[in-house]
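Below is one structure, written out as structure tokens; comments come after it.
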Amino acid sequence: MMRQMIGKCAALLLSFLLTTDALAEAAPPRPARKANGLALTPPMGWNTWNKFACNVSEKLIREAADSMVSSGMRDAGYEYIVIDDCWQVGRDAEGNILPDPVRFASGMKALGDYIHSKGLKFGIYSDGGSLTCGKRPGSLGHEYQDARKYAEWGVDYLKYDWCSTYDQNAKATYENMSDALRATGRPIVLSICEWGLHQPWLWGETIGNLWRTTDDIYDHWQGKHTFEHGVMDILDLQVGLEIYAGPGHWNDPDMLEVGNGKMSFEEYKSHFSLWAMLAAPLMAGNDIANMSEETKFILTNKEVIAIDQDALGVQGKRVAKQGDLEVWARPLKGGGRAVVLLNRGTQTQPITVDWEMLNLPESLSMKVRDLWQKKNLAKAKNSFTADVVSHGVVMLRLEM
């Protein structure tokens, strides 16, 4: 009797295993994930964090939207007004995310409508963990609910942070929110902000539209402390990542510090020029309602912005380095080249770009335009040399 029972069990187990194998073989493969088709050039806009941190309000956002128009930034290409952390205070009985009722008394829908009325787009912030970096409610477990609410408010851009995530899987976390945003039916750009910890450039292309590559930027030329990096430190960490960027999926070396007061005019010009060369998202982080003419001059240089927004979408790379002197270059649609001559040293020095660095024939005669002087220079063959001030750049557009 026992043998018969064992025999029957074995037969049932074998039948189960065979059936399971057959079902597994018959199951269709998971369809390939596709990009969302957004951000075909690097996003441009303004974010509250670098200047205002948690001190955000409806008044601040409305003034920023007004200033983006009056300053000429909108006409230069900036379009997103992004509220970073600390706008949210809790959840209601149904689990819906709640904005601060004092700081955002009119509600997020009305604020989004105001931003849209200015010809701009509305961005907001959340976090893939249980709490944001500012200890406000994160979206963990509420991804689809939050995404639906953002869509109701008219949100066009979500910056999604990585605090309080502990042992979560980064790719799965961001894929979940990506799916939630798509399920709303509203086109919403997804900014992956997990600081490059899990190499998002390897998996982010079909999940989000941009991904942070490093810890946070801070308003210094060079140097690191805690989880912050200076501009030159972040620049160095972009070397080798250029192969992962392109239309709809961009490396993000973090927001701009231009105009926040801890660097010189030349250093801010260098910062802006290099971010443009990197095809980086250009997210201003200053007080745009009260910026100086120098800051506005930098942020609204349309010729430099055109390099960042070039439709070919190829991220620039460092093509030469000799001590403190560097050459960065990128190809442009139509066959031209953008070049930055960077002097990281303490004295003015000449820097040369030769055509071999640019994969151009030595005998080729190229038109040369200086993008900060906004003037055409003499044509050049084989190479071009310029004196570059300390911590400064000369930024060129070369065309046949």
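Going by the structure shown, is Ser383 in contact with a helix residue (DSSP H, G or I) (Cβ under 7 Å, 6 or more places away or on another chain) and among the hydroxyl-bearing types (Ser, Thr, Tyr)? Yes; evaluated as a whole, the condition is true for this residue. Could you tell me whether any residue of the stretch 327-334 is under 26 Å from the mean Cα position of the chain (by Cα) and charged (D, E, K, R)? Looking for residues that are under 26 Å from the mean Cα position of the chain (by Cα) and charged (D, E, K, R), one finds at least one in the stretch 327-334, hence yes. Screening the stretch 297-323 for residues that are among the small types (Gly, Ala, Ser) and in contact (Cβ under 8 Å) with a residue 60 or more places away in the chain and picking the one that is nearest to Pro253 (Cα to Cα) gives Gly316. Listed conditions (1) part of a loop (DSSP other than H, G, I, E, B); (2) surrounded by fewer than 18 Cβ atoms within 10 Å (Cβ to Cβ); (3) without any contact (Cβ under 8 Å) to a residue 60 or more places away in the chain are all met by Glu294, apart from (1). Just to be sure, is Gln199 surrounded by fewer than 19 Cβ atoms within 10 Å (Cβ to Cβ), in contact (Cβ under 8 Å) with a residue 40 or more places away in the chain and more than 15 Å from Ile83 (Cα to Cα)? No. Residues in the stretch 57-89 that are under 29 Å from Gly138 (Cα atoms) and polar (S, T, N, Q): Ser57, Gln88. When residues in the stretch 25-72 are screened for being over 18 Å from Ser117 (Cβ atoms) and not in a loop (DSSP other than H, G, I, E, B), 8 of them pass. With respect to the conditions (1) under 30 Å from Arg182 (Cα atoms); (2) buried (at least 21 other Cβ atoms within 10 Å of the Cβ); (3) not polar (S, T, N, Q), Glu242 lacks only one, and its number is (2). Residue count for the stretch 73-86, restricted to those that are part of a helix (DSSP H, G or I) and surrounded by fewer than 23 Cβ atoms within 10 Å (Cβ to Cβ): 3. Quick check, is Tyr157 of a type in the set (Phe, Trp, Tyr) and either out of contact with any helix residue (DSSP H, G or I) (no Cβ under 8 Å at 6 or more places or on another chain) or more than 20 Å from Ile81 (Cβ to Cβ) (or both)? It is true that Tyr157 is of a type in the set (Phe, Trp, Tyr) and either out of contact with any helix residue (DSSP H, G or I) (no Cβ under 8 Å at 6 or more places or on another chain) or more than 20 Å from Ile81 (Cβ to Cβ) (or both). Inspect all residues belonging to the stretch 327-339 and state whether any of them is surrounded by fewer than 16 Cβ atoms within 10 Å (Cβ to Cβ) and over 25 Å from Tyr244 (Cβ atoms). There is no residue in the stretch 327-339 that is surrounded by fewer than 16 Cβ atoms within 10 Å (Cβ to Cβ) and over 25 Å from Tyr244 (Cβ atoms). When restricted to residues that are part of a loop (DSSP other than H, G, I, E, B), of a type in the set (A, V, I, L, M, F, W, C) and in contact with a Leu (Cβ under 7 Å, 6 or more places away or on another chain), the stretch 235-258 contains 2.
Looking at this structure, is Leu364 buried (at least 17 other Cβ atoms within 10 Å of the Cβ) and aliphatic (A, V, I, L, M)? Answer is no for this residue. For Met366, indicate whether it is more than 16 Å from Ser273 (Cα to Cα) and part of a strand (DSSP E or B). Taking the combined requirement at face value, the residue satisfies it. Gly261 fulfils the conditions (1) in the same structural domain as Thr385 (by TED's automatic domain parsing); (2) part of a loop (DSSP other than H, G, I, E, B) except for a single criterion, (1). Among the residues of the stretch 212-235, some residue qualifies, meaning at least one is within 22 Å of Glu143 (Cβ to Cβ) and at pLDDT 95 or above. Being buried (at least 18 other Cβ atoms within 10 Å of the Cβ), of a type in the set (A, V, I, L, M) and part of a helix (DSSP H, G or I): is that true of Met232 here? Taking the combined requirement at face value, the residue satisfies it. Only strands (runs of 3 or more DSSP E) whose full extent lies in the stretch 87-205 are considered here, and the ones with at least 1 residues that are in the same structural domain as Thr226 (by TED's automatic domain parsing) and of a type in the set (D, E, K, R) are 88-91, 121-127, 157-161.
Restricting attention to the stretch 184-214, the residues that are closer than 16 Å to Gln238 by Cα and of a type in the set (D, E, K, R) total 2. Among the numbered conditions (1) under 26 Å from Thr300 (Cα atoms); (2) exposed (fewer than 12 other Cβ atoms within 10 Å of the Cβ); (3) of a type in the set (Asp, Glu), the only one that Asp370 does not meet is (2).
The values are calculated or read from the model by the stated rules, or taken from the named source; none is laboratory data. Since we're looking at a predicted model, the values are computed, not measured. Here the Cβ is made from the backbone with ideal geometry for all residues, glycine too, and neighbour counts use every protein chain on show.
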